[in-house]
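Notes follow the structure.
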Amino acid sequence: MDIELVVVRGPEDAAATAAALLTEVARARGAIALAGGSTPRRAYELAAGALTDWGGASLWFGDERCVPADDPRSNQRLVAEALLRRLTVAPAVHPVPTQLTPGEAASAYDALLQGVGLDLALLGLGLDGHTASLFPHAPSLRVRDRLAVAAAPGLDPFVERVTLTIPALAAAAHVVFLAVGADKADAARRAFAEPPSEATPASLVRAGAGTTTVVLDEAAAVLLG
Ligand code: 6PG
């Protein structure tokens, strides 16, 4: 499956590009799976600045660290701070129930996701080529009968995770990767310009019937030719 590569000048341009994609789906009252980590924070801030009424939309998490919702490592906290607190009308938010054990939380999230048609799945890219909490060579990469699974710690922060699976992400109408900075250039090359490999989980995630867009700044795209 080919990808739509969007290379923009710098991180702010990449955040603005992702924000526009998010607000388009939010305006249409769609279902969005959000990425964690640090890169999407600015995109969420810009999206909230562009659209404050997210009524009717629904937010899910592509992955979550198994920590309390107010923990600085929580993706739910990231989304609350960068997006939700800036809105006048909130979407329906479906956090991963991290008060449960990782296995229980994954099973509960899997059940919640049944029948949900994701309109957009926003994903980041780790230095090792992971995405969501799908880590290199992890058993989760071969799961085909679940939409969410527990994931052992793969990198900092070294906490248990819950992640959407490849089939869950591939079912999204639009998969959007967002990565910026020179440190992501090699992972971007392996994820988007090399054959799919379990060494680079992001290379295995593409929208099955939909569109896969890769938003990079020039620094992250430098090895893509
Ligand atoms: C997470 C994210 C993860 C992230 C990458 C990139 O929960 O950690 O979902 O997949 O997108 O690790 O993280 P940065 O944006 O911080 O580089």
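Laboratory data are not the source of any read-out in this text; all were calculated from the coordinates shown. Please read all numbers here as calculations on a predicted model, not as lab measurements. All Cβ positions, even for glycine, are placed from backbone atoms using ideal geometry, and neighbour counts span all protein chains on display.
Set the Förster radius R0 to 30 Å, insert the Cβ-Cβ distance between residue 223 and residue 152 as r into 1/(1 + (r/R0)^6), and round the FRET efficiency to 0.05.
For residue 223 and residue 152, the calculated efficiency is 0.55.
Peptide packing for 187-194, 61-68 was compared via the average number of neighbouring C-beta atoms within 10 Å per residue; ordered from the highest value, the list is 61-68, 187-194.
Applying 0.36 nm per residue to the separation of residue 108 and residue 209 and subtracting their alpha-carbon distance, the gain on full extension is 33.7 nm.
Peptide packing: for 120-128, 103-111, the average count of neighbouring Cβ atoms within 10 Å per residue gives the ranking 120-128, 103-111, highest mean first. Normalising the average separation of contacting C-alpha pairs (under 8 angstrom, six or more residues apart) by the number of residues puts the relative contact order of the range 4-217 at 24 percent. Full extension of the chain segment joining residue 142 with residue 9 gains 44.3 nm, where the gain is 0.36 nm per residue of separation less the Cα-Cα distance. Only one residue of 78, 107, 90 has its Cα farthest out toward the positive end of the dipole of the range 35-150, where Lys and Arg carry +1 and Asp and Glu -1 on Cβ, and that residue is 78.
Placing pseudo-labels 7 Å out from each Cα toward the beta carbon at residue 100 and residue 194 gives an inter-label distance of 3.6 nm. Here the gap between residue 2 and residue 69, fully extended at 0.36 nm per residue and compared with their Cα-Cα distance, gives a gain of 20.5 nm.
The charge dipole of the chain, taken about its Cα centre with unit charges on the Cβ of Lys, Arg, Asp and Glu (plus for the first two, minus for the last two), comes to roughly 240 debye.
Under a GNM of the chain (C-alpha, springs under 10 Å), which listed residue has the highest mean-square fluctuation: 130, 174, 94? It is 94.
Centre-to-centre, using Cα atoms only, the range 102-141 and the range 1-71 are separated by 16 Å.
Ellipticity at 222 nm from helices only: DSSP H runs of n ≥ 4 in the chain, each -39500 (n - 2.57), divided by the residue count, give -8000 deg cm²/dmol. Of all the options 18, 185, 28, the one that moves most in a Gaussian network model of the chain with Cα springs shorter than 10 angstrom is 28.
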